[in-house]
Amino acid sequence: MENVSKIIKRITESGLILTSDGFEYIKTIDPKRLNEIMDSVIQEAQRKNVYYIDGSFLDKFFERREPIQKIEEKREIRYERIKPEIIYSLHPEPLGEVEGFLRYFKSRYNKISKLFRRRGDLNRVVKTGEISKLPMKTRFKIIGMVRDLIVRRRRLYLDLEDDEGSITIITTEDDVFRKGLMLLKDQVVCVDVIKLREDLFIAKDFIWPDIATKVNNRANRKVFAVFISDLHVGNTHFLEGLFNDFIKWLNGRLGSEFHKEVASRVRYLVIAGDLVDGIGVYPNQINELEIRDLYEQYEAAARLLSKIPRHIEIIIIPGNHDAVAKALPQPPIPEEYAKKLYMDERIHILSNPSYISLEGVEVLICHGKALDDVLSSKPGLDFQHPAKGMELLLRCRHLAPIYGATTPIAPEREDRLVIERVPDILHMGHVHIHQIRRYRGVTLIASGSWQSQTSYQRRLDIKPTPGIATIVDLSSLQTYTMDFKALSG
Ligand code: FE
Ligand code: ZN
């Protein structure tokens, strides 16, 4: 402060007046830098016949040259804090009792066939009940749920069901066959069919519900969101050092000037599940646990997150390792387990999936357990490229189409896993492999983990890519990848 008053004295002695916002500005500048530059400030003022020294006049001298931390302090003054808008976060709903999952499937069928009909480019869509009346050689389209999918001698036998009945459709042409191989059991699809005989229907094409090219929303200030997933706190393979480097970077204490500049603009952190490793998630997990108490795992996670700068809003959804029921949709991690997280007002504990808006940019967050079922069974897909699987889910307009595989789904009255609203960003984790991809204007972010290869992954030959964060400029949707393994050296 002594330095500041000396500088004010110098300004006044030169016959200049320091305005009050000029005074506020000076307080945010490193006194040493201020001393160095004051002569040229005074000279410039006298040359231009300026008598009042205010913030914007001073800004021209310090803008590009001041240390990063000072830029940050200034921004704190300039930028108001904007909370994420929660468009939906789900809580369990009563199950469709007597009807069981039939009710649930009906909801899925209704929702996705509505999406098809909204497209407007599909003509001659009929229901199974009308087919018997159609003359031979009629070409028509039918929307239904894939109940069964059998491959036999380069032919596909598809059992399709709608709300009136079912139909078996066969492929004869090779390219239609290959396209059909990408179909997922229980997904809703539209099939272009020709009726050859009373009981013989040939597929001419498969049409996915898909999305129209997304016209993106953008934030109207240059702020960034960071996307990560799968910390697995409590597991012996959790890479705490690497995660601490990530926190160091967010605090402006790691990386190049450019990295620090990026960090200073981060206002949101999105974590797509598996915050902790949990207890009893897989056989013999206990041998790989460093923290063997679920409460303590969340305590440790809260301790880590508490070191993240206060101006960053943190959004957390659960994964299959977290302390909630495994069936989708998974409710938010309960307060009982995560007291410390709930006490922090900038931490938002949401469901899996959930849908938020960050200053207008819409983000659909889902842990992505269903990627296991999709990536393992479809030609051209593999675990090293999870975002390709995300693209397929988006085209199916469903976050977990396959029922009864390894992803449990709660048979609720309404299927809330249908992707009705198309986001700007779709964020998933779970596979532990990082990949970014764009599909029709949607940024697909598959987050890697903060955990090194486990014995389970070694058996499956899955090579995780830990320590990578994705940064999105919310004003342009430009993405940056930061690899902390490289940065930490
Ligand atoms: Fe995980
Ligand atoms: Zn997971």
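The table that follows gives values for the structure above.
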quantity: Accessible area expressed per residue, the stretch 119-207, with surrounding protein chains retained (probe 1.4 Å, Å²); calculated: 50 Å²
quantity: Calculated diffusion of the stretch 159-246, Stokes-Einstein form, Kirkwood radius summed over Cα pairs, 37 °C and 0.692 mPa s, µm²/s; calculated: 179 µm²/s
quantity: Of all accessible heavy-atom area on the stretch 328-416, the percent that carbon and sulfur account for (1.4 Å); calculated: 54 percent
quantity: Beta bridges per DSSP with both ends in the stretch 119-207, % antiparallel, nearest 5; calculated: 90 percent
quantity: Surface share of carbon and sulfur [accessible, 1.4 angstrom probe, percent] for the stretch 119-207; calculated: 47 percent
quantity: Net charge over other residues, Cβ less than 14 angstrom from the Cβ of LYS369 (K, R count +1; D, E count -1); calculated: -4
quantity: HIS434, HIS232, reordered so the largest accessible area comes first (probe 1.4 Å); calculated: HIS434, HIS232
quantity: Accessible surface of ASP174 - all protein chains present, 1.4 Å probe, nearest 10 Å²; calculated: 70 Å²
quantity: Taking all pairs of distinct alpha-carbon atoms in the stretch 359-470, Kirkwood radius in angstrom; calculated: 14.6 Å
quantity: Quarter of Cα convex hull surface for the stretch 365-420, i.e. mean projection, nm²; calculated: 4.0 nm²
quantity: DSSP H segments from the chain that extend 20 Å or more along their own axis, Cα-based, with Kyte-Doolittle mean of 1.6 or above; calculated: none
quantity: The chain: antiparallel DSSP beta bridges as a percent of all, rounded to 5; calculated: 65 percent
quantity: For the stretch 255-376, the spread of Cα positions along each principal axis, largest first, Å; calculated: 45, 32, 29
quantity: Two-decimal log10 I(q)/I(0) for the stretch 413-489, as the Debye equation yields it once each C-alpha is a single scatterer, q = 0.16, 0.26 Å⁻¹; calculated: -0.72, -1.18
quantity: Integer Hz, Karplus 6.51/-1.76/1.60 couplings in order for the stretch 276-285, x for Gly and Pro; calculated: 10, 7, x, 10, x, 7, 9, x, 6, 4
quantity: The stretch 119-207 - percent relative contact order, Cα under 8 Å, separation 6 or more; calculated: 30 percent
quantity: Shape metrics for the stretch 119-207, restricted to C-alpha atoms - Rg then Dmax, Å; calculated: 11.9, 36
quantity: Shape category assigned to the stretch 2-65 from the gyration tensor of Cα positions, a/c cut at 1.5; calculated: rounded
quantity: Simple label model, 7 Å out from Cα along Cβ direction - SER476 to ASP159, nm; calculated: 5.3 nm
quantity: Over the chain, equivalent-ellipsoid semi-axes from the Cα gyration tensor in Å; calculated: 54, 27, 19
quantity: Solvent-accessible area of LYS60 with every protein chain in place, 1.4 Å probe, in Å² to the nearest 10; calculated: 120 Å²
quantity: Whole-number percent relative contact order across the stretch 316-452, with pairs defined as alpha carbons under 8 Å at least 6 apart; calculated: 23 percent
quantity: The stretch 380-448-the stretch 306-331 distance, computed between alpha-carbon centres (Å); calculated: 18 Å
quantity: Largest-first ordering by accessible area, 1.4 Å probe, given options SER475, SER5; calculated: SER5, SER475
quantity: FRET efficiency, TYR342 to ARG147 (Cβ-Cβ, R0 41 Å, nearest 0.05); calculated: 0.45
quantity: Counted charge near GLY129, where neighbours are those whose Cβ lies closer than 13 Å (Asp, Glu -1; Lys, Arg +1); calculated: -3
quantity: Whole-number percent relative contact order across the chain, with pairs defined as alpha carbons under 8 Å at least 6 apart; calculated: 16 percent
quantity: Which listed pairs, of LYS141/LYS388; LYS114/LYS179; LYS137/LYS369; LYS32/LYS222, have C-alpha distances above 32 Å, in listed order; calculated: LYS137/LYS369
quantity: Approximate spin-label separation GLU93-ASP199, in nm, with each point projected 7 Å along Cα-to-Cβ; calculated: 4.0 nm
quantity: Listed residues GLU345, GLU391 arranged by accessible area, highest first, probe 1.4 Å; calculated: GLU345, GLU391
quantity: Accessible-area value, CYS396, 1.4 Å probe, nucleic acids and ligands omitted, Å²; calculated: 0 Å²
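The values are calculated or read from the model by the stated rules, or taken from the named source; none is laboratory data. Treat the numbers as computed from the prediction; the structure is a model and nothing was measured. Cβ atoms come from the backbone with ideal geometry, glycine included; neighbour counts cover every protein chain shown. Only protein heavy atoms, including side chains, enter the accessible area calculation; ligands, DNA and RNA are left aside. Shrake-Rupley method; radii C 1.70, N 1.55, O 1.52, S 1.80 Å.
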